[in-house]
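The values are calculated or read from the model by the stated rules, or taken from the named source; none is laboratory data. Keep in mind the model is a prediction, meaning the values are calculated, not measured. In this analysis, Cβ positions are derived from the backbone assuming ideal geometry, glycine residues included, and neighbour counts consider all displayed protein chains. We work out accessible area using only protein heavy atoms, side chains counted, and drop any ligands, DNA or RNA first. Shrake-Rupley method; radii C 1.70, N 1.55, O 1.52, S 1.80 Å.
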Amino acid sequence: MHEQVAAAALEGAAANVWLVPLLPFLAFLIISFLTRPWGRVSAAVSILALTGSLGVSAQVFWQRFTQDAPPMQVAVPWITLAPDHPLGTIELGLLVDNLSAMMLLMVCFVGLCIQIYSTAYIQTEIAHFPTQGSASMSRFFGWMSLFTFSMLGLVLSHNLLEIYIFWELVGLCSYLLIGFWYFKHSAAEAGKKAFVVTRFGDLGFLMGILMLGVALKGFDFLGLSQKFTQGIPEGLTAGFVALAAVLIFCGAIGKSAQFPLHVWLPDAMEGPTPVSALIHAATMVAAGVYLVARLFPVFHPAGHAGEAALLVAWIGGITAFLAATIAVVQNDIKRVLAYSTISQLGFMMAGLGVGAYTAGSFHLITHAFFKSLLFLGSGAVIVACHSNDLWRMGGLRRHMPFTWFAFLMGCLALAGVPPLAGFWSKDEILGYVYAAPGGMALFLVLTFSAFLTAFYVTRMYFLAFEGPYRGAEKAPADLAGPVPPLSLPAPFPTSQALDVAPEWTEEMATSSQEDLPAACRGAGMEHVPHGLHAPKEVSPWMWGPLLVLALFAVFLGFAGVPTGVGLGLPNFFEGFIHLSGEGHPHEFHWTPMLLSVVVALAGIALGAGLFAGNPERGERRLRSGLRLVWPFLQQKWYLDHLWARALAGTMYAGALTMAWIEANLVDRAVFGLAGSVRSWGDWLRSEHTGKVQHYALMLLLALVLLAVGIGMVEPGFFTSRQFVINLLEGGR
Amino acid sequence: MSPIGLNHFLALGAVLFCLGTYGVLTRRNAIAVLLSLELMFNAVNLNLVAFARFMPNLDGVVLAVFVIAVAAAEATVGVALVLSIYRNFRHIDLDQVDTMKG
Amino acid sequence: MIYDPNPVAFWLLAAMVAGCALAVVRARKLFHAGLALVGTLFAVAGLYGLLQVWFLAAVQVLVYAGAIAIMLLFAIMLTHHMMTPDLKSLTTQPWTAAALCLMLLAILLGATLTSTWQTAPDTTLSPTWTPKSGFQVAEAVPSIKALGFRLLDPFTLPFEMVSVLILVSMIGALVVARKNPALPKAPEGREEEAP
Amino acid sequence: MEPIFEQFIRDLTGGFQVPFWAPMLVSLGLVLAFIALNAMFMIWLERKICGRIQRRMGPMLTGPKAWARFSMWTGGWFQTPCDSVKLLLKEDIIPAQVDRFGFMLAPVLVFMAALAVYVPLPISSTSHAQPGPIVVAVADLDIGLLYVVAITTLTILAILTAGWASNNKYSLLGGMRAGVQILSYEIPMLFALMGPMVLAGSLSLGDLVLVQHAGLFGVPLLGWFLVPSFLGAVVYLICAVAETNRPPFDMPEAEQELVAGFSTEYTAMRFAMFYLAEFSNTFVVCMIFTAVFLGGWTLPGFTPPSSVNLGFFSLPYFDLLAGMAIFFAKAYAVVLLLMWIRWTFPRLRPDHLMTFGWKFLLPLSFVNLLICIVLAAIQQIYFGGNPG
């Protein structure tokens, strides 16, 4: 179990693994430099490249699946430090093991589905902006390709520094794609917010990388994992390791939108829906989870949960619960899904925190499929209804049968209805938490979150797909409409990056867009007049991928059915993704499984009871039932406000102090220095006569002084024989 | 008369060089400065040739040929500049050409 | 045997060099300065002849006196009013410059005269190269042939670079001196100041 | 000059050792006398030829009537000597506003140049005392050709000085025109002369003649550089005419435009010096042409004996005298050619003149140089090296 896992060289299909990230990157270059004016060509290039990547990934996956090979890697020197430097040579490399092979396949496959979907979808968005043409489509696919490249590179990264590069690259792509409609004020703000908020986490991440890498004299994952299989490495204290792990986890908190840095993800829904599906549901936000899984031995040295792991678990639990509660009160379909994503990521984190390596990874994969399915479905719904607002939907089941079916499957998977994918993976996490020592409190929290999940999913489904179509009528004033932004007390500047008003309002849109052409105003789709006609089913390019993803949402769970259930299926997933250090496969417990089924059904039943008949009435009843906490939830636990007040306030006070220091200390010093330099300059300027002969005179003076000086210091300098000989014979 | 040696030529070169320097430093007229520059070139050449002759090595003469060529180039450009200055300022007094004054 | 120039000729030429150089520096009329420069150049050519470097003497006369000095005289004629004595031409920093130049002279003389130069017998001036016999010890007096071989064998690249330099300077001079109609006219105030 | 002179005196006196300054003085005297007499003759010739070309007789009255009656070519012999006397006796006027130094310097300079240029010109050779030929020249310089070209520039200086010092617009313009013209034509001239230099492998005019006598590719007549370097000869001749400011290149003294150019203010003796120098230079040009392109004092396939003994009269230095005769015959042939040109062609316009020099003659001289290099290489490879 603890034997040296020798890293083999890349061989077989894995030898081609470098193609996987390279192809999207080439696509990015081609799109950026060659096919920019032709959007459809760009889309074709992007999709073709990704198809190639998918092919190679599938081969790699198949190779890993059929052979029981050790992790394979290849590396080239990147930064060569001094020969005797303890860190030696820092390398760039590719690491292929079961986890990365699976992630590759998932990223490529989901990415491909989303890109195919996007070909149709992005045109509907472009249609809203007459100034945007084919080049926008190219821009979209170029950035999507760049993102795919970055994500695949992240997955294949061989060491911490390399992963950090790609980590930042996906962050950049996320920023670019959230702010894809950069002339929309809200989109630009949301992109900025995502970028800035994740930066907090990345700061910790970088520090953690440096702590760990410098202390252990190496950055590569395999080497690090190796050192932790026996417990804390020699020379390090448990506290140091825990601190490093927590700092690294900070990166994951930022990227995976964990409490308390989750605030950027809902705003990120400003990006086009495929972006939300790919980046903010399936791949990038999962990168944090992936990172924790990669560094699992660091969090669980010698297979035992450390302090850091406990933190991870509880952060995950809190996030899961918090996001689930907020999701209950959202009216925007994409926001419901966004909070749901946060919540599910919390589940994964909690699983990894208690040591459920396999379960966490499994949930990551299944979630990627059904959540991207849900996002894409919501995109289809939005296209059909021209609105994000759940209160302007309803009854779509009849109008959009394919979308309805796929979306329903996604909802059921998310709600955890057996035997769909979400059930198996979520249940496995719950089982682990249940079995973990001291995990009962966390188990209860997660179970309640699962109940809430089932409830808000049901609410969303019924509001969107059942009942009458409400798109034509005006939504009830007390139910729909954006939440008014929080007005800050006077001394606080409306810091745009930390703005607490994520809800995009009409005033904001119009006030910030007056410089745009009239046709571009009201960029939000809810403002596009849509007439009275009923919503229509979207094009097959959109519902096709939905059905494919739905297939996976339904059946993927069977890859990881616990052996104890007795379905007679082998647990493929656990056989494939397991940690060499993961000791005993956990025992199967019926209690949590049954409980989770009960909870899910209860949530669905409650939701259906409230919203099946008259949604407005159900909503009012819900609000009255929750009236004590409703504003609290509506304001998202006041966390955004807290950020704005605490952080912005602190920063403002700090800024005032700094301003005082700047004005009174720094400026005086600097200006004093500048003034003295200026007066010196003024004095010297009188020598700068502009007359070339004066300069020549100065030159001669300097020459004479130099000669006299040298002559005084070394009297024989000019007359020494050697000087002359050197002078004369130097050139021979 | 005492025999003439290398030092005689070197001393003459030094005198010629200093006279040229004096001219460069003092003459107001740009062309006069160019003339004085030629004196300095000649001083250098004189030294080179004297060395070449007294320490038998033809390289000094070769170098002198190069110096003459470079002097020709210098004078060409110099005169062109002077004419350009004249066209712009209507005079070539260097102490009035002080547009670069700080 | 160390080469021994004729003292009378040397002192005569030296006096001419120094006198003409002084005239270059101090002459009131610019044209006289130009003529004095030609005198200096001829005297220096004479010194080259005294040193038996005849080729260089001829080149000095041909290129220096014949081309450079003539060009400078043309420049004088083109820019200067015919007969106006350049009265104020000596007034820029004369005393400072004189003092500094004298110091420079003292340094140079001190350095050269107190140095021990490695003068050598006047036998082997330089190796020359012929196609048949390769390098050979040349004659005592620098012949044109030896100079030519020296110039084109070890110094080929500088030689060619010099030709490039001259071409470049020629074109550059053309560009600089050409009347450019796009340039703005001379400033108005200066027009009145012209004598 | 030195060796021949010394030998001559030794022969004459039976072993008298001449002081070192004697050859110099004698050369100087000879050259001065030659310049004066030759110029007078050339002036007379010029006028006669002018007359002939213009269908008139030229000066006929001064001199013996009988000679005049005999033929137009024998009339008017004393015209030029009388003119010379007149010029010498005229009042020397120095205008008040001229720059006296420059004004007086210029004629001296120009005459100096005319005088100095005779130094390396070889007029004959003798093998009277030695087996090898000794070239007869004031001094057969190692760098003769370069020297000649270099000294010519002194003329420009003198003309510029004259033009400037006269303090006269016409003089200045004439001087500058002359300067530019000579400067421009000097370059193609130098390149035209470079062909023979390459062929001979030497800059010494004596060597040039000897190489020509030796022949090219073993053929004596081919050896005259007129043949291999024909383009060079043409270019040189044209440039030479321009250099000496003779029509059709007499821009500097175009009377209609510039009065008399740089010599407007000059009178009497000073003017005579310009005039003298001009004719002297013309003849020098012809001598150079003879030496460089026409084989100098030699005739192909003919080597005069060093002395002839006619029985009653023994003539030493026969080869010297024969060479001189041949040389001057050739030189005067070129002089006649120049005069023919002068009185035939109209004057050029200044810009045409410059264009012609820079854009036609210069490339042509390059072509000539190339041809000469190829021929010299062939000679070197297939027929052995040349004496230079």
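Per-structure values
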item: Selection from the stretch A:405-441 of residues that are at positive phi and either touching a Lys or Arg at 6+ places or on another chain (Cβ under 7 Å) or buried (at least 20 other Cβ atoms within 10 Å of the Cβ) (or both); result: A:Gly416
item: Subset of the stretch C:46-55 [open to solvent by less than 10 Å² (accessible area, probe 1.4 Å) and touching a Leu at 6+ places or on another chain (Cβ under 8 Å)]; result: C:Leu47, C:Tyr48
item: Among (1) assigned to a helix (DSSP H, G or I); (2) over 20 Å from D:Tyr332 (Cα atoms); (3) in contact (Cβ under 8 Å) with a residue 60 or more places away in the chain - the single one D:Gln97 does not satisfy; result: (1)
item: Odd one out for D:Thr290 among (1) open to solvent by 40 Å² or more (accessible area, probe 1.4 Å); (2) in contact with a Phe, Trp or Tyr (Cβ under 8 Å, 6 or more places away or on another chain); result: (1)
item: Tally, over the stretch B:16-62, of residues that are in contact with a Phe, Trp or Tyr (Cβ under 9 Å, 6 or more places away or on another chain) and assigned to a helix (DSSP H, G or I); result: 22
item: Hits in the stretch D:299-358 (condition: out of contact with any strand residue (DSSP E or B) (no Cβ under 9 Å at 6 or more places or on another chain) and among the charged types (D, E, K, R)); result: D:Lys330, D:Arg342, D:Arg347, D:Arg349, D:Asp351
item: In the stretch A:31-64, the residues that are under 16 Å from A:Val155 (Cα atoms) and of a type in the set (Gly, Ala, Ser); result: A:Ser53, A:Ser57, A:Ala58
item: Any hit, the stretch A:229-243, residues being in contact with a Gly (Cβ under 9 Å, 6 or more places away or on another chain) and crowded, with 24+ Cβ neighbours inside 10 Å; result: yes
item: Residue, most open to solvent (accessible area, probe 1.4 Å), within the stretch C:75-98, restricted to residues that are at pLDDT 60 or above, part of a helix (DSSP H, G or I) and more than 7 Å from chain B (Cβ to nearest Cβ); result: C:Trp95
item: The one condition in (1) open to solvent by 10 Å² or more (accessible area, probe 1.4 Å); (2) farther than 30 Å from A:Thr89 by Cα; (3) in contact (Cβ under 8 Å) with a residue 12 or more places away in the chain that A:Tyr182 fails to fulfil; result: (3)
item: Residues within the stretch D:199-211 that are surrounded by 24 or more Cβ atoms within 10 Å (Cβ to Cβ), within 13 Å of chain C (Cβ to nearest Cβ) and part of a helix (DSSP H, G or I), tallied; result: 1
item: Candidate set from the stretch B:27-68 (those that are within 9 Å of the chain's Cα centre (by Cα) and open to solvent by less than 10 Å² (accessible area, probe 1.4 Å)); member that is farthest from the other protein chains (Cβ to nearest Cβ); result: B:Ala43
item: Among the residues listed as A:Ala707, A:Ala702, the single one being in contact with a Phe, Trp or Tyr (Cβ under 9 Å, 6 or more places away or on another chain), within 14 Å of chain B (Cβ to nearest Cβ), under 23 Å from B:Leu19 (Cβ atoms) and assigned to a helix (DSSP H, G or I); result: A:Ala707
item: Tally of residues being open to solvent by 10 Å² or more (accessible area, probe 1.4 Å) and either within 26 Å of A:Pro592 (Cα to Cα) or not in a helix (DSSP H, G or I) (or both) across the stretch A:331-356; result: 4
item: Output for the stretch D:334-354, where each listed residue is surrounded by 14 or more Cβ atoms within 10 Å (Cβ to Cβ) and part of a helix (DSSP H, G or I); result: D:Val334, D:Val335, D:Leu337, D:Leu338, D:Met339, D:Ile341, D:Arg342, D:Pro350, D:Leu353, D:Met354
item: Criterion: surrounded by 24 or more Cβ atoms within 10 Å (Cβ to Cβ) and more than 30 Å from A:Phe296 (Cα to Cα) - qualifying residue of A:Gly377, A:Gly360; result: A:Gly377
item: Residue check, A:Asp267 open to solvent by 20 Å² or more (accessible area, probe 1.4 Å) and acidic (Asp, Glu); result: no
item: Failed criterion for D:Leu141 (all others in (1) facing chain C (nearest Cβ under 9 Å); (2) in a helix (DSSP H, G or I); (3) of a type in the set (A, V, I, L, M, F, W, C) hold); result: (2)
item: Residues (touching a residue at least 60 places away in the same chain (Cβ under 8 Å) and not basic (Lys, Arg)) located in the stretch C:1-43; result: C:Met1, C:Ile2, C:Tyr3
item: Sole residue being more than 25 Å from B:Met40 (Cα to Cα), at pLDDT below 80 and more than 7 Å from every other protein chain (Cβ to nearest Cβ), chosen from C:Ala146, C:Ala182; result: C:Ala182
item: Subset of the stretch D:172-194 that is in contact with a Gly (Cβ under 7 Å, 6 or more places away or on another chain) and facing chain C (nearest Cβ under 10 Å) - its residue that is farthest from D:Leu353 (Cα to Cα); result: D:Leu172
item: Within the stretch B:69-93, considering residues that are in a loop (DSSP other than H, G, I, E, B) and without any contact (Cβ under 8 Å) to a residue 12 or more places away in the chain, the one farthest from the other protein chains (Cβ to nearest Cβ); result: B:His91
item: Conditions (1) open to solvent by 10 Å² or more (accessible area, probe 1.4 Å); (2) within 30 Å of A:Phe573 (Cα to Cα); (3) not charged (D, E, K, R): number failed by A:Gln132; result: (2)
item: Qualifying residues in the stretch C:4-39 (those that are more than 19 Å from the chain's Cα centre (by Cα) and crowded, with 19+ Cβ neighbours inside 10 Å) - the one modelled with the highest pLDDT; result: C:Lys29
item: Residues of the stretch D:293-304 satisfying the condition of being closer than 11 Å to D:Lys330 by Cα and surrounded by fewer than 22 Cβ atoms within 10 Å (Cβ to Cβ); result: D:Leu299
item: Test: C:Leu72 is more than 10 Å from chain D (Cβ to nearest Cβ), open to solvent by 30 Å² or more (accessible area, probe 1.4 Å) and closer than 20 Å to B:Arg28 by Cα; result: no
item: Pair list, Cβ under 6 Å, 6 or more apart: the stretch D:330-359 residue farther than 10 Å from D:Phe249 by Cα, other residue of a type in the set (S, T, N, Q) and at pLDDT 90 or above; result: D:Lys330/D:Thr290; D:Ala331/D:Thr290
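Matching residues to (1) surrounded by fewer than 21 Cβ atoms within 10 Å (Cβ to Cβ); (2) farther than 28 Å from A:Leu222 by Cα:
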residue	(1), (2)
A:Val17	no, no
A:Pro21	no, no
A:Pro37	yes, yes
A:Thr51	yes, yes
A:Gln59	yes, no
A:Arg64	no, no
A:Gln73	no, no
